[in-house]
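Encoded as structure tokens, the structure appears first; notes follow it.
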Amino acid sequence: MDILSVLLILSCLFLLGSSRLHVAIRVVAAQGFLLGILPVVRSMPDITAGIWILSVSTIVSKGLVLPWLMRVCLRNSEIRREIEPFVGFGASLLCGTGLLALAVWVTIRMRLTQSEAPAVLMISSFFLVFVGLFIMVTRRKAITQSLAYLVLENGVYGVGVGMSLDFPFVVELGILLDVFVGVFLMGNLLFHLDLEFEHMDVDKLTELSDLSESAATAGEENA
Amino acid sequence: MLLPLIILVPTAAGIASYLIRSNPLRRALWFGAAATHLVLSALAATSSPAEPLGTWIGLDALSAIFLVLTSTLFVGATIYGFGYLNREPVAPQPDSEDGSLIKNEPEPVFTGGILLLLATMSLAIVSRHLALQWVAIEATTLASAPLIYFHRTRRSLEAAWKYLILCSVGIAVALLGIFFILMAMQGEHRDLTLAALLQQAGTLNHKWLSTAFIFILVGYGTKMGLAPLHTWLPDAHSEAPSPVSALLSGALLNCAFLGILRMQQVCAAAGMARFGGDLLVLFGLLSMGIAGVFILRQTDYKRMLAYSSVEHMGILAIGVGLGGIGLFGSFLHAVNHSVVKAMLFLTAGNLMARFHTKDTAKIQGACRALPISGVLWVAGFLAITGSPPFGTFISEFTILRATIEQERWIVTGLYSLFLVVVFVGMSAIVLKMALGKSQESPTREPWTTVLAPLVFAGIATLLGVYLPGPLLDKLNLAAQLLGGPVQ
């Protein structure tokens, strides 16, 4: 399990430092596989049928179908790389180490009170959550945002497994289904975003903002 | 047996809607499902038996209010929806706002989506298992995102994207909060049903519970439209088709509110009502303030309504946060706000169909051009800003009384100030639109598009002069659930 957790951390650092989108998709797919194995490893040696079903459906959805969908979106658009993020890749990596420290701090705080959760897994899961949020706010491409959402959800899932919270099986499947449909819808919208705006830059989605409107009128008045 | 049907009927009808080709048949099914849902909800609300411990779905006074309310709004939106869809062009046509092409989604997608939205909202309301409720609230986001994108314009696409991303992230944060509730439970038997949580509320670890509350408040608060996490709301509610906007503002925001209320209920049972309450008051005041500022300089009347929803969500949060009679006021206000806001959004749809613009500056003399909708628009403005004789006056005043009784003068001052700001802001916009001369001659409006707003206006007025006994009982019981005074 420690190996899995370390691999999760490494995959995040890789995401932070890489500009090539199809590599990023592959990394997120790998995370899906790792998370799929996680509950099986966690509950060894007595593994119920429910855990197997959950594990397989996690691998199929997060490891295979959603990454495939993202690749289709990527192929339809002309984008290959994430260019000019709001925070550069080197700086992102640096922030990543900061986030890792934050994850360690949160985990230590948690262990002070009560917890039988394995420390490394908790650290890596919180790291996933933080990296997901970080990527979401610092990158321009809409497709990266949906990848970041997947990373965030993976992190939340990891926290759940780490705390060995046995939700009822139906609820677990419901959560998985929600995430699946959510990303699927995002993929669908991405396709239209590409058609309508001929790009997928999120910072150009400003037609509706009240703030930018006022900024524009203020600019005119000044001129 | 009633409750599973309440979820299954709209689900089945929604799935069938995607498959039925014939428009009249599909609309008949839509109406049938809506009417059945209303009857079932009313039956379930009046006959709610005591829940055995550990049930996953069930009704208490609080959820009964929200369920009947949601169902009523849905029937209104359904009837309005027929007129709306008749008006909507089938062939692509340029958008009046920015000239991009409107290529409406096919009607089955609309009908199916709106029925699935009803199903997921019902599940969110009746679930008494916090994680199941989470699944349902996230599912409402997914069911409603395609509805926001109905017109398939750039603007609606942008709105749908922001809605999907922000709400999904928010709700993911809420899931972390739910994990933390489990951490707060001591002992081997960890059960997230509301009954179990309330039973062992005394033994919950306060530190974990407060962490959980913050996460859930931020998460569901995003979905409920509490500032500063409301940024998606004006976009989504203004770009969605009007019957959908009515449901989003009137019904869906309440579902997220209920998620926070359940958490506050657990906190109150654990003796932490004040902790959660203070946070709710803070977020509530912030929402009212921000909404007031943006309403003052608004040029788009649907966005104005959306910001008004942010304001009213703030009022609800303040009422619950204060506790005492504020709880009663808050739940009554939820009912009033939903009815009035749904009516306003439906009326706004009528204005838009007549004038082909959302720009307030381009509309004059609505009362002359649209005799019914114009008058409803002014009446709705008076109702939403809390003027007598409408029900909102009573509920807003009850919350004001709660601030005075508790001698929280800063809250009293800011609350009244923001109410006045919103009143001034909205009156400037609405009166200019409604009054004045219009070049256009009066038109007859089809009954489908005015029936629902008229009925809602009637309910809003009725609630101002007379509270029906059963509703009063439910409101009192609901307030007691969260530690309100026994009457």
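Derivation of every value follows stated rules applied to the coordinates shown; laboratory data play no part. Note that the structure is predicted; figures quoted are calculated from it, not measured. Glycine gets a Cβ as well: all are built from the backbone with ideal geometry, and neighbour counts include every protein chain shown.
The HN-Hα couplings worked out from phi for segment B:201-218 by the Karplus form 6.51 cos²θ - 1.76 cosθ + 1.60 (θ = phi - 60°) are 4, x, 9, 5, 6, 5, 5, 5, 5, 5, 4, 4, 4, 4, 4, 6, 4, 5 Hz, whole numbers, x standing for Gly and Pro. Annotation: amide H-H contacts under 5 Å for B:Ile102 (H modelled 1.01 Å from N, sequence separation of 5 or more, or interchain): B:Gln93, B:Asp95. Note down the net charge around B:Ala246, summing +1 for each Lys or Arg and -1 for each Asp or Glu among other residues with Cβ under 13 Å from its Cβ. That sum, taken over residues with Cβ under 13 Å, equals +2. Placing +1 on each Lys and Arg Cβ and -1 on each Asp and Glu Cβ, with no other charges, gives segment B:92-221 a dipole about its Cα centre of roughly 240 debye. Residue by residue along B:152-160, Cβ atoms of other protein chains within 10 Å of the local Cβ number 5 on average.
Rounded to the nearest Hz, the phi-derived 3J(HN,Hα) couplings of segment B:394-407 under the Karplus curve 6.51 cos²θ - 1.76 cosθ + 1.60 (θ = phi - 60°) are 4, 5, 5, 5, 4, 5, 4, 4, 4, 5, 6, 4, 8, 6, where x marks glycine and proline. Here chain B is treated with +1 on each Lys and Arg Cβ and -1 on each Asp and Glu Cβ, and its dipole about the Cα centre works out to around 680 debye. The mean number of partner chain beta-carbon atoms within 10 angstrom of a residue's beta-carbon across peptide B:179-185 is 4. Counting other Cβ atoms within 10 Å as a rough exposure proxy, the listed residues A:Val151, B:Val424 run B:Val424, A:Val151 from fewest neighbours to most.
Can you tally the net charge around B:Ile318? Count Lys and Arg as +1, Asp and Glu as -1, for every other residue whose Cβ sits under 12 Å from the Cβ of B:Ile318. Its environment carries a net charge of -2. The Stokes-Einstein estimate for the protein assembly as shown, based on a Kirkwood radius over Cα pairs and taken at 25 °C with 0.890 mPa s viscosity, is a diffusion coefficient of 95 µm²/s. Count, for each residue of A:154-160, the Cβ atoms from other chains sitting within 10 Å of its Cβ, then give me the mean as a whole number. Partner Cβ neighbours, averaged per residue: 3. For segment B:388-487, trypsin sites (Lys or Arg not before Pro) meeting the loop criterion (DSSP other than H, G, I, E, B) and having at most 11 other Cβ atoms within 10 Å: B:Lys437, B:Arg444.
Of the peptides B:329-342, A:9-22, the ranking by mean beta-carbon count within 10 Å, highest at the top, reads B:329-342, A:9-22. Remark on B:Ile57: its backbone amide H falls under 5 Å from those of B:Arg128, a criterion applied only to residues 5 or more positions apart or on other chains, H modelled at 1.01 Å from N. Footprinting exposure proxy ranking of B:Thr403, B:Thr46, B:Thr392, fewest other C-beta atoms within 10 angstrom first, gives B:Thr46, B:Thr403, B:Thr392. Counting charges near B:Leu175 (Lys, Arg +1; Asp, Glu -1) among other residues having Cβ under 14 Å from its Cβ returns a value of -3.
What separates the Cα centres of segment B:104-135 and segment B:322-354 is a distance of 21 Å. For segment B:272-487, the residue among B:His333, B:Thr357, B:Ser308 whose Cα projects farthest onto the positive side of the dipole built from Cβ charges is B:Thr357.
Annotation: amide H-H contacts under 5 Å for A:Lys141 (H modelled 1.01 Å from N, sequence separation of 5 or more, or interchain): A:Val202. Pairs from the table (B:Lys302/B:Lys432; B:Lys103/B:Lys341; B:Lys162/B:Lys302) lying more than 19 angstrom apart at Cα are B:Lys103/B:Lys341. For segment B:405-487, applying the loop criterion from DSSP together with a ceiling of 10 other beta carbons within 10 Å to the GluC sites (Glu not before Pro) yields B:Glu407. Packing around the peptides B:366-372, B:467-473, B:300-306, B:233-239, taken as the average count of other Cβ atoms within 10 Å per residue, puts them in this order, highest first: B:233-239, B:300-306, B:366-372, B:467-473.
For segment B:281-288, putting each phi into the Karplus relation 6.51 cos²θ - 1.76 cosθ + 1.60 with θ = phi - 60° gives couplings of 4, 4, 4, x, 4, 4, 4, 4 Hz, in residue order, rounded to whole numbers and with x for Gly and Pro. Ellipticity at 222 nm from helices only: DSSP H runs of n ≥ 4 in chain B, each -39500 (n - 2.57), divided by the residue count, give -25500 deg cm²/dmol.
Segment B:85-237 has equivalent-ellipsoid semi-axes of 39, 17, 9 Å, by the square roots of 5 times the alpha carbon gyration tensor eigenvalues, sorted largest first.
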